[in-house]
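What follows is a short report on a single structure.
The values are calculated or read from the model by the stated rules, or taken from the named source; none is laboratory data. Not measured: the values here are computed from a predicted model. As a convention, Cβ positions derive from the backbone with ideal geometry for all residues, glycine included, and neighbour counts pool all protein chains shown. Ligands, DNA and RNA are stripped out before the accessible areas are found, and what is left, the full protein with its side chains, is counted by its heavy atoms. Shrake-Rupley method; radii C 1.70, N 1.55, O 1.52, S 1.80 Å.
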Amino acid sequence: MKIVIQRVKQAQVSIENQVHNKISSGLLLLVGVGPDDGPDDLDYAVRKIVHMRIFSDAEGKMNLSVKDIEGEILSISQFTLHADTKKGNRPAFVKAAPPELASRLYDEFNQLLAQEVPTKTGVFGADMQVELINDGPVTIILDTKNR
């Protein structure tokens, strides 16, 4: 899995010009599932994300997790994170998981997250518009194959 983690003051996802979900302080996740991803990747990603200390404490140091601040997560599926850009000018997406597998793992990932932190989602495969106010900005890339 490849996940872009953004610390946000707020974020929302809209579909067909209607707000589908929104969060206040927390994390916006852009989630790409690969063909070799499985339960170990889900567990690792959830553990890292909910405990990652990227929120400021009283002294201004990044010392708190999304769980510590009682924040929320907005999780958006994004297969384009697995784009292969080595040849030509049109990205290839052969390194992304097939839709059936990606959808199932994305759902399982969100269910695991929701056991730890309030989690909202976009709609797998939908044309979504994502808005955010990045806090910091703090943006981190997590690749579960690079442990």
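Number of residues in the stretch 61-86 that are basic (Lys, Arg) and in contact (Cβ under 8 Å) with a residue 12 or more places away in the chain equals 1. Taking the criterion of being open to solvent by less than 50 Å² (accessible area, probe 1.4 Å) and farther than 24 Å from residue 56 by Cβ, the residues of the stretch 113-147 that qualify are 121, 122, 126, 128, 143, 144.
Residue 113 fulfils the conditions (1) under 17 Å from residue 7 (Cβ atoms); (2) more than 12 Å from the chain's Cα centre (by Cα) except for a single criterion, (2). The number of residues in the stretch 24-81 that are assigned to a loop (DSSP other than H, G, I, E, B) and either of a type in the set (A, V, I, L, M) or more than 23 Å from residue 107 (Cβ to Cβ) (or both) comes to 16. Just one residue in the set 82, 51 is modelled with pLDDT under 95 and within 16 Å of the chain's Cα centre (by Cα); that residue is 82.
Residue selection: residue 89 fails the criterion of being free of Cβ contacts under 8 Å to residues at least 40 places away in the same chain and either touching a Phe, Trp or Tyr at 6+ places or on another chain (Cβ under 8 Å) or part of a helix (DSSP H, G or I) (or both). Does residue 9 satisfy the criteria of being touching a residue at least 40 places away in the same chain (Cβ under 8 Å) and assigned to a loop (DSSP other than H, G, I, E, B)? So residue 9 does not fit the description; no.
Considering only the stretch 18-31, state which residues are of a type outside the set (Gly, Ala, Ser) and touching a residue at least 12 places away in the same chain (Cβ under 8 Å).
Hits for the stretch 18-31 are 20, 21, 22, 23, 27, 28, 29, 30, 31.
Residues checked against (1) under 17 Å from the mean Cα position of the chain (by Cα); (2) open to solvent by 40 Å² or more (accessible area, probe 1.4 Å); (3) charged (D, E, K, R); (4) under 23 Å from residue 22 (Cα atoms):
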| position | (1), (2), (3), (4) |
| --- | --- |
| 56 | no, yes, no, yes |
| 59 | no, yes, yes, no |
| 68 | no, yes, yes, yes |
| 97 | yes, no, no, no |
| 103 | yes, no, no, yes |
